[in-house]
Structure formats: structure tokens, C-alpha cells
1. On C-alpha positions alone, give me the angle between the axis of helix 68-81 and the longest principal axis of the chain, in degrees, nearest 10.
2. For the stretch 1-40 and the stretch 41-90, what is the separation of their C-alpha centers, rounded to whole Å?
3. Could you work out how far apart the two model spin labels at Cys77 and Asp17 are, taking each label as a point 7 Å from the Cα in the direction of the beta carbon, and quote it in nm?
4. Sticking to Cα atoms, compute the Rg of the stretch 1-86 to one decimal and its Dmax as the biggest Cα-Cα distance, whole number, in Å.
5. Between Ser55 and Leu33, what length in nm is gained on full extension when 0.36 nm per residue of separation is reduced by their alpha carbon distance?
Amino acid sequence: MSWSIDIKASTDIKESDIDDIVNKLPKELKGQLGSSKQSWGWSCVTDISVPKGKSFYISGASYSEQYALSMAQHFKCQLYKKGYRYIKLGELL
């Protein structure tokens, strides 16, 4: 089983903003191995996609589902601090 949550804003989300947020993740969301950038996005306790337009998603295997809502809320808060507004979190699928 796997899960995903879409995160959308009212304006295009910059990859550099997501990269900055990932690089500053708290230890409990980075995981023991930290985070690493891949062609598709970032890998940490959850996977984080490269943004496309106004949205991106976080996802993972069933064992990482416990981090899903914490990660989504963290991104929502950090995006707001970077000036993004009307940030919506999709349902956990």
C-alpha cells in the first residue's frame, strides 16, 4: 500500500522554495538518512515531488503514512511563510 497528498497554492510554486523547505526540515521529518534530491523530487521520510505549476505532492509507502499529515502541515506552514496563499491540502489517498 502507498499513499499521497496533493498540495496546491493559488500561484505557481517554485522548485527553489520546495528545495529550501526540504533542506530545513526538522530532523524528525528528514529521517535518519536525511534528504536527497532526485530527478523526480526529494526523498526523506516521505517522497516530495518537484512542483508542476501550482501543485506538488508528498507520498510514500504504508510505513511512512504516520508522517503524512505532519509533513503536509509543515509544508503548508512554510509555504505560507514564503508568501504563498490559499494553500490547500488534498485528502490522504
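Values in this text are rule-based calculations from the coordinates and carry no lab data. Every value quoted in this text rests on a predicted model; they were computed, and no experiment measured them. Neighbour counts are summed over all protein chains in view; Cβ atoms, including those assigned to glycine, are modelled from backbone coordinates with ideal geometry.
1. 30
2. 6
3. Output for this residue pair reads 1.8 nm.
4. Cα only, the stretch 1-86: 11.8, 35 Å (Rg, Dmax).
5. Working: separation 22, 0.36 × 22 = 7.92 nm, distance 2.60 nm.
Contour length minus Cα-Cα distance gives 5.3 nm.
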